[in-house]
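Quick notes on the structure that follows.
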Amino acid sequence: MSVTLSATLAANEEIERRRRAGERVLHLAFGEAGLPVHPALRERLAAASGLNGYGPVAGAPALREAAAGYWSRRGLPTDPGLVVCGPGSKPLLYGLLLAIGGDIVLPMPSWVSYAAQTELAGARSLLVPTPPGEGGVPDPERVAAAVRHARTQGRDVRSLLVTLPDNPTGTLAGASTIRRIAEVARELDLTIISDEIYRDLVHSPATGFLSPADVAPERTVITSGLSKSLALGGWRIGVARLPSPLLRDRLLAVASEIWSSPAAPVQQAAAYAYTEPPELVERVARSRELHGAVARAVYERFVRAGVRVDEPQGGFYLYPDFTGLELDVASSADLAAHLLDRHGVGVLPGHAFGDDPAALRVRVATSLLYGETTRLRLAALDAPDPLELPWISASLDDLSEALTGLCATRRATRSRVHVPLVTAPATG
Ligand code: PMP
Ligand code: GLU
């Protein structure tokens, strides 16, 4: 097995270690929502702390009903009996890979854990590049070709995965691409896993959102959770919406042998969250605005530095491409190491997301820029213009300085190469 500590979590621990040792690091390597827990959720959790029974494997009825309501309000009528809750959407995704079985088509690039989980499940992934500007969805025409070819080689491909909106690119696939991928999945009889954990963080309502479950409900599983929209990553709660009792029962069998049930008190607080009371709707709306404003500001800093990058549409990620800048690095891993060691900026190499190791792309997470303390983070949430807050604007300036420094290295490298050529005749 070649699976090692997940790149996201490993980078977070490494940067925390450096910071504890007194190093100044701009932490753009970890996709944690970076905001405090809403007090209403803390109260619900505290009030439920006496719940010490395991409860049903599928999750507490109140949570399944509330999650069904959440999807129904988004145009996807949902039977609570087809909702399965787990300790985060990550274990649910792993459970689904085991429950569905076979090989899986993944977008390239895509979130670090999909390919690793596929390997843990004893299967193989087919990495298919995404269409330009539409991260998170493998190019439908290429999927058709790749799956047909893999099947002629005897491979048993059973599913494909999409991330809407996407981590690592921060973009959202459009409706026509979703319709086409759903059609391809139907033609090839593939189950679609639609990871929609960032759905409520699409920055602008004008962008629109189409789930494959809207077009191919008979074959689409949706996974989601509260880690991003309500910043509850550490509470470990996720939900899945299954297309059939058969797949639900397979997932429940896996769940029952791995995690038994999600934490009972957390489920009570999550059930409250999924009823979407006004104070939490407002919190999600403010969070979305903050994520959008800061992601856009970081995007502009990259653009100003001459780095190619897609404009973010949802969540808190960017995927800049340093190709063509003639940097003195040969891989995304070198570039990430160089940015951290020489410029104090922590990012993740595109390679960790299944991208070509030689492509100079990195993932930038912008959500840990809101401040180090609860007080600062709340101030960021409340600010009419968060970019004016001194700690946020200072971080943006640090980033610009690092990018300028990177370009200066490039110039210096070029002139170093140049010097011997000029001086050679004199010394010869
Ligand atoms: N999917 C994506 C794309 C993610 O970025 C994450 C981040 N943790 C997850 C799933 C899993 O989140 P969680 O297990 O906290 O629900
Ligand atoms: N999803 C987050 C990221 O991409 C971190 C949490 C995790 O990987 O489990 O950085």
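A compact table of results
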item: Condition check for L127: of a type in the set (A, V, I, L, M), surrounded by fewer than 22 Cβ atoms within 10 Å (Cβ to Cβ), out of contact with any Phe, Trp or Tyr (no Cβ under 7 Å at 6 or more places or on another chain) and more than 30 Å from E289 (Cα to Cα); result: yes
item: Residue match in the stretch 141-160 (condition: at pLDDT 95 or above, assigned to a helix (DSSP H, G or I) and touching a Gly at 6+ places or on another chain (Cβ under 9 Å)); result: no
item: Among the residues listed as V162, V83, V112, the single one being of a type in the set (V, I, T), within 20 Å of S244 (Cβ to Cβ) and within 12 Å of ligand 1 (Cβ to nearest atom); result: V162
item: Identity of the residue in the stretch 2-27, outside any helix (DSSP H, G or I) and either touching a helix residue (DSSP H, G or I) at 6+ places or on another chain (Cβ under 7 Å) or among the polar types (S, T, N, Q) (or both), that ends up farthest from ligand 2 (Cβ to nearest atom); result: S2
item: Some residue of the stretch 294-303 being modelled with pLDDT of 95 or more and under 18 Å from S224 (Cβ atoms); result: no
item: Residue check for A62: touching a residue at least 12 places away in the same chain (Cβ under 8 Å), out of contact with any strand residue (DSSP E or B) (no Cβ under 9 Å at 6 or more places or on another chain), of a type in the set (A, V, I, L, M) and within 15 Å of ligand 1 (Cβ to nearest atom); result: no
item: Counted residues, the stretch 112-122 - those being out of contact with any helix residue (DSSP H, G or I) (no Cβ under 7 Å at 6 or more places or on another chain) and part of a loop (DSSP other than H, G, I, E, B); result: 1
item: Residues (over 13 Å from D103 (Cα atoms), basic (K, R) and either surrounded by 22 or more Cβ atoms within 10 Å (Cβ to Cβ) or within 25 Å of the chain's Cα centre (by Cα) (or both)) located in the stretch 139-186; result: R142, R179, R180
item: Test: A68 is more than 16 Å from ligand 2 (Cβ to nearest atom), in a helix (DSSP H, G or I) and in contact with a Leu (Cβ under 6 Å, 6 or more places away or on another chain); result: no
item: Residue pairs meeting the criteria (Cβ under 8 Å; at least 6 apart or on separate chains; first within 21 Å of L164 (Cβ to Cβ) and within 15 Å of ligand 2 (Cβ to nearest atom), in the stretch 99-128; second at pLDDT below 95 and of a type in the set (A, V, I, L, M, F, W, C)); result: V112/A7; A116/V3
item: Options G95, G59: the member that is farther than 30 Å from E141 by Cβ and outside any helix (DSSP H, G or I); result: G59
item: Residue count, the stretch 9-52 (criterion: under 16 Å from L339 (Cβ atoms) and of a type in the set (S, T, Y)); result: 0
item: Set S256, S224, S211: member being of a type in the set (S, T, Y), buried (at least 24 other Cβ atoms within 10 Å of the Cβ) and either out of contact with any helix residue (DSSP H, G or I) (no Cβ under 9 Å at 6 or more places or on another chain) or within 28 Å of L190 (Cβ to Cβ) (or both); result: S224
item: Residues being within 18 Å of E279 (Cβ to Cβ) and among the charged types (D, E, K, R) - total across the stretch 18-52; result: 3
item: Residue check for A264: under 30 Å from A47 (Cβ atoms) and buried (at least 21 other Cβ atoms within 10 Å of the Cβ); result: no
item: In the stretch 1-48, residue farthest from ligand 1 (Cβ to nearest atom) [restricted to those that are of a type in the set (S, T, N, Q) and either within 21 Å of L399 (Cβ to Cβ) or loosely packed, with under 11 Cβ neighbours inside 10 Å (or both)]; result: S2
item: Lone unmet requirement of (1) among the aliphatic types (A, V, I, L, M); (2) touching a strand residue (DSSP E or B) at 6+ places or on another chain (Cβ under 8 Å); (3) assigned to a helix (DSSP H, G or I) for V362; result: (3)
item: Qualifying residue in the stretch 128-139 (condition: within 21 Å of P91 (Cβ to Cβ) and either within 15 Å of ligand 1 (Cβ to nearest atom) or in contact with a Lys or Arg (Cβ under 6 Å, 6 or more places away or on another chain) (or both)); result: yes
item: Evaluation of S331 against (1) among the hydroxyl-bearing types (S, T, Y); (2) surrounded by 18 or more Cβ atoms within 10 Å (Cβ to Cβ); (3) under 26 Å from L126 (Cα atoms) (one fails), failing number; result: (2)
item: Selected residue (only one of D139, D156 is under 30 Å from H291 (Cβ atoms) and out of contact with any helix residue (DSSP H, G or I) (no Cβ under 6 Å at 6 or more places or on another chain)); result: D139
item: Qualifying residue in the stretch 237-248 (condition: more than 16 Å from ligand 1 (Cβ to nearest atom), of a type in the set (A, V, I, L, M), over 20 Å from R179 (Cα atoms) and free of Cβ contacts under 8 Å to residues at least 12 places away in the same chain); result: yes
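Residue by residue, here is whether (1) buried (at least 19 other Cβ atoms within 10 Å of the Cβ); (2) of a type in the set (S, T, Y) holds:
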position	(1), (2)
E300	no, no
V303	no, no
Y319	yes, yes
Y370	yes, yes
I392	yes, no
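The values are calculated or read from the model by the stated rules, or taken from the named source; none is laboratory data. Keep in mind the model is a prediction, meaning the values are calculated, not measured. Ideal geometry is used to build each Cβ from the backbone, glycine not excepted, and the neighbour counts take in all protein chains shown.
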